[in-house]
Amino acid sequence: MYQLLIVDDEIHAVEGIQSGIDWEKLGITAVFSAYTVRQAKEWFEQERIDIMLCDIEMPQATGLELTKWVKGFYPKTETIFLTCHADFKYAQQAIQLGSFDYLLKPVPFGELEKVIRTAIDKINKDQEAMKYSQYGQLWFQHQPLLIERFWQDILNQTIPSSREAVQRAAIEREIPYVEEMLFLPVLIGIQRWHKLLNLRDEKILEYGLRNSAEELLLEAGQSGRIITLSNRRLLIVLSVQNQHDLETMKSRCEKYIKACSEFFYCDLSCYIGEEVRGHELLGMVNKLYKLEQNNVVHNNKVFSISLQTTPASTYKSINMTIWSVMLTEGAFKEVLIESSRFLKDIMEKEKIDASFLRQFYQDFQQMVYYVLQTKGIQAHQLFGDPDSQDMSATATRSVVNLLDWMSYTIQRAKEYVQSIEQSQSVIEKVIHFIKLHITEDLSREEIANHVFLNPDYLTRVFKKETGMAISDYLLNERLKIAKELLEKTEMPISAIATHIGYANFSHFSRTFKKHTNMNPNEYRQILHRESGEIKSAKE
């Protein structure tokens, strides 16, 4: 629907145009009229004007001056000049101002309708062009995100890795893609942060790593996307127009690694793949994952999948019997020195991978846990804290991580074994724990877990030091408290039972009678009677 304004200082001319045109047929829903430039400007401020029919010569200001103002403030309005003068200068100025047409009065209504209809067609085309222009802007703004999602869907197999599926997905998403296109994947693996980071700080630094990768690893004007992956990884997918220069890419990666080490507090390595077509990308990225996983020795280095030829050393089971004996005898520091030296010697002489590291880790862990078991220590309790679990989860990621885990494990085991060997300190911990939790339904297993010992082993140590079993000690402590509360308070017997960890009143009453030869109520009455007799004798 369109709106039109007629501007002419001749009232009859305006009325003639208003009545002589079938506006509804043209799709014009409102026709306004103005007899001066000032009135015309007021209409523009109140209504949307799509077409303006304007005389040129008018008092106070001309139609040419009005049109210049309209083009400045309402550039989408189409202007059609109606004038009695065939002066070329007028026509020239009208054209320069971008008017749609220039007609001489009197204008046949049929001709005027034709010009208005043509103006409406132009408005429609301009609006359509504007719409597509806006879509185009949105496309260029969001196309990088569409392409990144396209590659992510290939990597997570939402888009199957077949020529047909990849081509079809590209067409559906309107992504420029042809099967012959070649792509070079480069994997960036963050190996460790140089300082302790919370999750927010880590995400900020990862964002910085991504921006730096765009600046240092993508050539100016080169088509490529950087995709954020899980497990501290980034993937660059480069569109290869010609044969890529491996040495140039390695040089860029080395420059990137140096910058990241300096500004983002981390060690990372880059893994350069080989050129592949879109449907082959997942297979190549999986090879890069394996290459990254097996880099357990080097930090801040560039690797190329085309240069990996030397097979990794096969792991041979290591006899750790001597180390086990040394640990049993308390030579923790010596075992750490020996095992670290052994691992470093292997690393210098042979190529080792993640499998080698994982098997060494498992054998070493088994050896340490066996020694702890002989001393009654429950390894899953001793190493069940978050720090221990984090160290264990990353132990086989690199030799550096494994050495850190070995040092941590040996030191923690040493500290607790020495604590256990000083059995009195363990007994004190147990007694303190019992007193703190005397009102709870404590079990032998809970008490043993508190000091990371096997329940049977703890029972033997406790009885050796105190002369009684843990259960007997716990019972004596509870009865001692119960007797004191019966004597010194008027608390209900059921409340006293609950206070010392007995949920069942009958069970408490039977236990109390078994050890005192009277039930709790009789015990309280006797104490009160004796107390009264003593008080009378004093008086």
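Report whether or not T328 is open to solvent by 60 Å² or more (accessible area, probe 1.4 Å), out of contact with any Leu (no Cβ under 6 Å at 6 or more places or on another chain) and more than 30 Å from Y256 (Cα to Cα). Before the answer, list the steps.
Details: open to solvent by 60 Å² or more (accessible area, probe 1.4 Å): no; out of contact with any Leu (no Cβ under 6 Å at 6 or more places or on another chain): yes; more than 30 Å from Y256 (Cα to Cα): yes.
When the stated conditions are applied, T328 does not pass them.
It is to be established whether one or more residues within segment 264-279 are open to solvent by 30 Å² or more (accessible area, probe 1.4 Å), closer than 26 Å to Q143 by Cα, without any contact (Cβ under 8 Å) to a residue 12 or more places away in the chain and acidic (D, E). Checked against the condition, which is being open to solvent by 30 Å² or more (accessible area, probe 1.4 Å), closer than 26 Å to Q143 by Cα, without any contact (Cβ under 8 Å) to a residue 12 or more places away in the chain and acidic (D, E), segment 264-279 yields no hits at all. As a summary of the residue check, Q411 satisfies the conditions (1) exposed (fewer than 14 other Cβ atoms within 10 Å of the Cβ); (2) more than 19 Å from F342 (Cβ to Cβ) except for the one numbered (2). Pairing residues of segment 323-348 that are farther than 15 Å from Q366 by Cβ with residues that are among the basic types (K, R), at Cβ distances under 7 Å and at least 6 apart in sequence or on separate chains, gives F332/K414. Counting only residues that are closer than 18 Å to G189 by Cβ and open to solvent by less than 60 Å² (accessible area, probe 1.4 Å), segment 349-399 holds 10 of them. Every residue in segment 12-57 that is surrounded by fewer than 17 Cβ atoms within 10 Å (Cβ to Cβ), within 18 Å of Y2 (Cβ to Cβ) and among the polar types (S, T, N, Q), please. Hits for segment 12-57 are Q18, T29, Q46.
Condition check ((1) touching a residue at least 60 places away in the same chain (Cβ under 8 Å); (2) in contact with a strand residue (DSSP E or B) (Cβ under 8 Å, 6 or more places away or on another chain); (3) farther than 21 Å from Y265 by Cα) across all residues:
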{"site": "A165", "(1), (2), (3)": "yes, no, yes"}
{"site": "A170", "(1), (2), (3)": "yes, no, yes"}
{"site": "W193", "(1), (2), (3)": "yes, yes, no"}
{"site": "Y207", "(1), (2), (3)": "no, no, no"}
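Of all residues in segment 404-438, count the ones that are more than 26 Å from W323 (Cβ to Cβ) and either at pLDDT below 80 or touching a strand residue (DSSP E or B) at 6+ places or on another chain (Cβ under 8 Å) (or both).
Going through segment 404-438 one residue at a time, the tally reaches 2.
Just to be sure before I move on: is L199 modelled with pLDDT under 85, within 19 Å of R233 (Cβ to Cβ) and under 21 Å from the mean Cα position of the chain (by Cα) in the structure I sent? When the stated conditions are applied, L199 passes them.
The values are calculated or read from the model by the stated rules, or taken from the named source; none is laboratory data. Worth saying up front: this structure is predicted, and the values here are computed from it rather than measured. Cβ atoms come from the backbone with ideal geometry, glycine included; neighbour counts cover every protein chain shown. Protein only, heavy atoms only, side chains kept; ligands, DNA and RNA dropped before computing areas. Shrake-Rupley method; radii C 1.70, N 1.55, O 1.52, S 1.80 Å.
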